[in-house]
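Down below is the structure, laid out as structure tokens.
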Amino acid sequence: MSTNWFFISSLVLTLAELFLIMILFKYGKENFHKIWLLFNFSVFIWAIGSTTSFFLNSFSYQKAALLSWKIGDCGVSFISVFLLHAIFLLTGKKNYPVLILAYIQASFFSILLLTTNLILGNHFESHFDVLIPFFGKYYFLWYILWTAIVAYAHFCLITFYWNDQDKRKDIRLLIILTILGCSSGAINFIYMYNPPFFKFANLGIVAYCLIFTYAVFRHKMFGLEIIFKRGLLYSILIAVLTGIYLLLIIISESLFRGIIGYKSFIISLLSAFIMAVLFNPMRNRIQAFVDKIFLGKSLQEIAEENKLLKQELEHSERLKAAGTLALGLAHEIKNPLTTIKTFSEYLPQKYLDHEFVKKFSILIPAEVERINHIIHRLLDFSKPTLSKTNQYF
């Protein structure tokens, strides 16, 4: 059994879109982010629809597989519309009649997909070992309108790019990503002509997902401010990349089995285990890559930085407490200073008074020592030593 790269690319796309949708759902606050979430959700519907259709066809559930594919294509109908709507929001364009017509045609074609055979037929045909529903009477009209909406959306985006100087960095990247994703997706429309790279077309959309996510995290583009923590979202990303890693093992084992020609389950299991061991450094590199890109540093660098920040915070807290302590000690310092000042004022008049001089020689050094002790306590408290800090609390 040969490796079905279309299925693999669809499965990887499903995982990548799921992660991107979660990012937009959690952190997206503007209207653009909400519509962009719907755009990616439409891509997700297409990806999961085609993936599920493959599974169902594998078990000869053709009716269910056909329905799954049609549901996925309903997502495709709205990809172009949500793209246009998001670009209108981003550029400030208010062409409501065009947008309303776009939503109407997407809804209309979705109804036709689910209730008739006018867009997709009622049987499958094979292209590059991929079972795809036969195209119906209005299939190419659907494709032409989809392409026209996508082209108009890009026209609006490129026009805005030339006229706006402030957002050029974000817009330029968005133009590249949408052209990459939409052109890759458009290849799926013309499957009947057996276009080159058809089986790998969805990987272009995966590239869009990964680059968009990288741009958001690394450069805070598109107005998404994200503080990335090693929490649920981080774990999901690691799970997605680990899933891709496992797919690589399965693919490698499949290719190896095709070359050697063995059919034993035990040998397959042993081969997969050996490949997992060989691929383990790759898994570690994947996690290191995620930490480096999304957290900005390796885990060791983050730990060292946290240690320094903790020391600085402790020192800052000590200085703050020292300030509070200084206010309390001001009164203690003021009393001996008053004593010293008083005796100093009387000294010129009573320097021949032996009783006064004797009292002066005893009291003044004692008061000076008292002040000196207070100052030393304050200095010791300000030093970055935790044990000395505790003795004052």
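The values are calculated or read from the model by the stated rules, or taken from the named source; none is laboratory data. These figures come from a predicted structure and were not determined experimentally. Neighbour counts run over all protein chains shown; Cβ positions are idealised from the backbone, glycine included. Quick note on the areas: whole protein, heavy atoms, side chains included, nothing else; ligands and nucleic acids left out. Shrake-Rupley method; radii C 1.70, N 1.55, O 1.52, S 1.80 Å.
For this structure, a couple of remarks:
- Whether the stretch 14-141 is rounded, prolate or oblate, judged on the alpha carbon gyration tensor where a/c under 1.5 counts as rounded: oblate
- Cα centroids of the stretch 165-195 and the stretch 21-74: 18 Å apart.
- For Gln349, neighbours were defined as the other residues whose beta-carbon sits under 15 Å from its Cβ, and their charges (Lys and Arg +1, Asp and Glu -1) total 0.
- Arg172 contributes about 110 Å² of solvent-accessible surface, heavy atoms of the protein only, 1.4 Å probe.
- Pairs from Lys34/Lys199; Lys70/Lys199; Lys34/Lys169; Lys63/Lys137 whose Cα-Cα separation, in the structure shown, is over 26 Å: Lys34/Lys199
- Near Leu84: Cβ cut-off under 13 Å, other residues only, Lys/Arg at +1 and Asp/Glu at -1. The net charge is +2.
- Evaluated at q = 0.12, 0.18 Å⁻¹: base-10 log I(q)/I(0), Debye formula over Cα of the stretch 10-66: -0.35, -0.62
- Close amide H partners of His127, meaning residues 5 or more places away or on another chain with modelled amide H under 5 Å apart, are Ile132.
- Each peptide in 191-198, 6-13 receives the mean, over its residues, of other Cβ atoms within 10 Å, and ordering these scores from highest gives 6-13, 191-198.
- Neighbour net charge for Asn335 - beta-carbon separation under 10 angstrom, K R +1, D E -1: 0
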